[in-house]
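Report on the structure given below.
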Amino acid sequence: MQLLKLTVLSVLTLAIAIGFVSCEKDAEKKKYLEYMKSGIPMTGSNEAPPTASSATGTLDVYYAKNSKTLSYKVTWQGLADTIVGMHIHGTAPTGYSTGILQNILTTKNEAVFPFRGGSYSGSLLIDGVVFKEENLLNGMYYLNIHTKTYPGGEIRAQIKFQ
């Protein structure tokens, strides 16, 4: 009986030790997590205030926590007019607007990016100053496309990973 108690105690002690080591390894792994979300809808109704645009698009985002790099691909079709800007804005939750943090496309690029449809990919550093990881992971940034018809923004997608 004494041997059985000792064996049970040894197994429990080992299980607890493994649990602590596993928690430590899980915490270490969380430093290097990657976040990805595909097909975030870009619409006029996502703008603040909403637009009557029938244009649509999608936003795919990928964030590598270890390199602090946000990569994105935006596609669009059916814009009302020529693109005069594509930007990442922040910080603002869904339904609110705020200033530009990162220019992606400006009027200098309009000949290259037709309004009927297109796509663009890029990346930026989540530097902890202009772009903060906490704000990124809490959905406080958005990407939108501005056109001559909708200079305040025609379609928009909130950058969210949930």
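Each reported figure results from applying straightforward, stated rules to the coordinates on display, with no laboratory input. Just so it is clear, the structure is predicted and the values come from calculations on it, not from any experiment. For neighbour counting, all protein chains shown are included, and Cβ atoms are generated from backbone atoms with ideal geometry for every residue, glycine included.
Mind listing whichever residues of the range 33-52 are touching a Ser or Thr at 6+ places or on another chain (Cβ under 7 Å) and in contact (Cβ under 8 Å) with a residue 40 or more places away in the chain?
Our first condition is that a residue be touching a Ser or Thr at 6+ places or on another chain (Cβ under 7 Å); within the range 33-52, this holds for 39-44, 48.
If the condition is that a residue be touching a Ser or Thr at 6+ places or on another chain (Cβ under 7 Å) and in contact (Cβ under 8 Å) with a residue 40 or more places away in the chain, then I40, P41, M42, T43, G44, A48 are the ones that fit.
If you go through the range 31-57 one residue at a time, how many are of a type in the set (D, E) and assigned to a strand (DSSP E or B)?
Number of matching residues: 1.
What is the number of the single condition among (1) in contact with an Asp or Glu (Cβ under 8 Å, 6 or more places away or on another chain); (2) under 18 Å from K160 (Cα atoms); (3) not in a strand (DSSP E or B) that P93 does not meet?
Going through the list (1) in contact with an Asp or Glu (Cβ under 8 Å, 6 or more places away or on another chain); (2) under 18 Å from K160 (Cα atoms); (3) not in a strand (DSSP E or B), P93 breaks only (1).
For residues in the range 67-106 being among the polar types (S, T, N, Q) and touching a residue at least 40 places away in the same chain (Cβ under 8 Å), which is surrounded by the most Cβ atoms within 10 Å (Cβ to Cβ)?
Once the filter is applied, the top-ranked residue is T91.
Just to be sure before I move on: is K148 of a type in the set (K, R) and touching a helix residue (DSSP H, G or I) at 6+ places or on another chain (Cβ under 8 Å) in the structure I sent?
For K148, the condition - of a type in the set (K, R) and touching a helix residue (DSSP H, G or I) at 6+ places or on another chain (Cβ under 8 Å) - is not met.
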